[in-house]
Amino acid sequence: MPDFRIALACAPNTTGIAEKIAPYEHLGLSYLGAVLREKKYNVKLTDSDALQLKLDEAIERIDDFNPDILALSPTWATVDNSIELIKKIKRKNSDLITCFGGYIATFNDREILSDYSLVDYIIRGEGERIFPALIEKLENNKSVENLQSITYRSKDGKIIQNPIAPYIKDLDTIPFPVRDTFEEILQQDNIYILNLITSRGCYGNCSFCIAGAFSRLSKKTPAWRGRSIENVIKELELLLDIYPQIHYINFADNNIFGPGIAGKNRVKRLAQALIDHDINIEWQASARSDNFDKDDDELFKLLKSSNIGTLFIGIESGVESQLELFNKRISVAKNLKTIKLINKWEIPVQWGYIMFNPYIKFEDLIKNAKFYFNKLKYYSIHKMTMKLRVFPGTALYEKIRNDNLLKDSFNYKEIFNYNYLDERVAIVENIMTKTANQLYAEHAILQNAQEMTDTLLSGVLNVNVPHILDQLQTIVRTRNSIYKKIRDINHLNYNYFRDIMKLIKNNSNDTEIYNNKIRGVKDKIIKKHISEIKRISSELDEEFKDFIKTLNDYMSEVLNV
Ligand code: SF4
């Protein structure tokens, strides 16, 4: 067995800004774990985010393992904690070798190495081939000079960036990811959501997207690569044998559709295979709006009968010029057609949307908000504050930098530190963000009720037993009342947005008026809105809890009949 003990970790995110919606395991670490175990290395995973570890707990866990190498995959939000983690581990083991990988490290390699002497190596791009090769060199005291995809310091302290290696063309050749973290999640929680990828990368070229930029980094491999359906099903069946309690699958692909008709046919084959293999489990995945057309009946039928739970589709904006800025290569008209289609087929969906970006004009902000409210039918205060994340490595970052819109404090960890061309947009964004920050708990209530009410009800209706009609009618009435409250909250939020816009539009040019008169009016509007949302949300919370209790009582009664 090779000597090195290797810790693979991600540090906890303590910024309060969530990067993912559920405690899914970090598949990047799990794939690295698999290739290293295949080579008989002693590997320990510490996925702080998925296991909800505090920084001290993560440190203690890694310390106990006493690694020779510690590899971390920081996001913009976890760089500081990653460095803190290294500092503490190095106190006991000053010979520890440290590595960063992932999106942020890939595009900020030189900056990270020059900012942090505690980081020894950066692996850019995919790590499955490069990381084992790096370890082998280090074990044998060989130079990494010719190792592709590595950024490192030479003996005289210069930062050297080696060229990027081709990505892995045939994903079926990579061993299945280890499931250490998943096992730990299962022991801690009742959340049996399996994270699995069927493909890597995306053929889209959206100007803001770090995942897209990452997938186009290796010029020798296509931006989107898919596993064979047989390989995906084999992994799924193996896992379902070991963990029969899995009740939801998150296909974590950037885009489950590959390019063109072949990409669409592959999704159909995947759905058909799920049906043929009796994998009767709800699943979710991401797609582009232009993956769907009016004559896609066969695709939609297969998605429905294979138990699709949710689709994530990045609509991004209701304003043409913004879609062009984002290089979506999809028009507002096309997005509207897709929204209609998805609604017609009654597929639950979460729309990706970017309300604020440095270039949006005040007038377009109103259009953007209106589109969201009228077409996407969801208007939580937090959706209204969605701000562009500016990632170095993307085309939009270059544009914003060239247009001198980055604040001096902007860096790979402070990705929201940019200016707006229109000062009034900045004022609106600031007010909306402050309001949203005071309504976190209410947002969670709304989201829960919005996403779970019909899912729970359909679970009850689908049980194959004779139903008790009058009780069922009461349940449906409660359901309707819940949705009325959700609509009320949405309306209030939208009207609030418009009130704030009106106030700023009419007065913000005059600083004196703004300071003396508007501040008072604005504070009143904010206060009133927050108290109204809190009141309705608390009623909604009560009603939703009641709804769940009534459903449970009803089910016990029905099953006892
Ligand atoms: S379609 Fe989605 S994943 Fe693909 S580049 Fe655009 S934003 Fe990124």
* Asked: Going by the structure shown, is Lys264 crowded, with 16+ Cβ neighbours inside 10 Å and not in a loop (DSSP other than H, G, I, E, B)?
  -> yes
* Of Leu239, Leu217, which residue is away from the ligand (no atom under 16 Å from the Cβ) and of a type outside the set (Lys, Arg)? -> Leu239
* Asked: Is at least one residue of the stretch 381-389 more than 30 Å from Phe544 (Cβ to Cβ), touching a residue at least 12 places away in the same chain (Cβ under 8 Å) and touching a Phe, Trp or Tyr at 6+ places or on another chain (Cβ under 9 Å)?
  -> yes
* To do: Report whether or not Ile135 is out of contact with any helix residue (DSSP H, G or I) (no Cβ under 6 Å at 6 or more places or on another chain), in a loop (DSSP other than H, G, I, E, B), away from the ligand (no atom under 16 Å from the Cβ) and β-branched (Val, Ile, Thr).
  => no
* Structure fact -> Note: among Ile256, Ile197, Ile249, just one is in contact (Cβ under 8 Å) with a residue 40 or more places away in the chain, under 18 Å from Ala285 (Cα atoms), surrounded by 17 or more Cβ atoms within 10 Å (Cβ to Cβ) and away from the ligand (no atom under 16 Å from the Cβ), namely Ile249
* **Selection from the stretch 306-354 of residues that are assigned to a loop (DSSP other than H, G, I, E, B) and surrounded by fewer than 19 Cβ atoms within 10 Å (Cβ to Cβ)** => Asn307, Asn327, Arg329, Ser331, Trp345, Glu346, Ile347, Pro348
* To do: Kindly provide the set of residues from the stretch 12-39 that are modelled with pLDDT under 95 and aromatic (Phe, Trp, Tyr), ordered by number.
  => Tyr24
* To do: For the stretch 278-296, name all the residues that are surrounded by 13 or more Cβ atoms within 10 Å (Cβ to Cβ) and either more than 16 Å from the ligand (Cβ to nearest atom) or not assigned by TED's automatic domain parsing to the domain that holds Ile197 (or both).
  => Ile279, Ile281, Glu282, Trp283, Asp293, Asp296
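The values are calculated or read from the model by the stated rules, or taken from the named source; none is laboratory data. Keep in mind that this is a model prediction, so the values were computed, not measured. Positions of Cβ are generated from backbone atoms using ideal geometry, with glycine treated the same way; all protein chains shown enter the neighbour counts.
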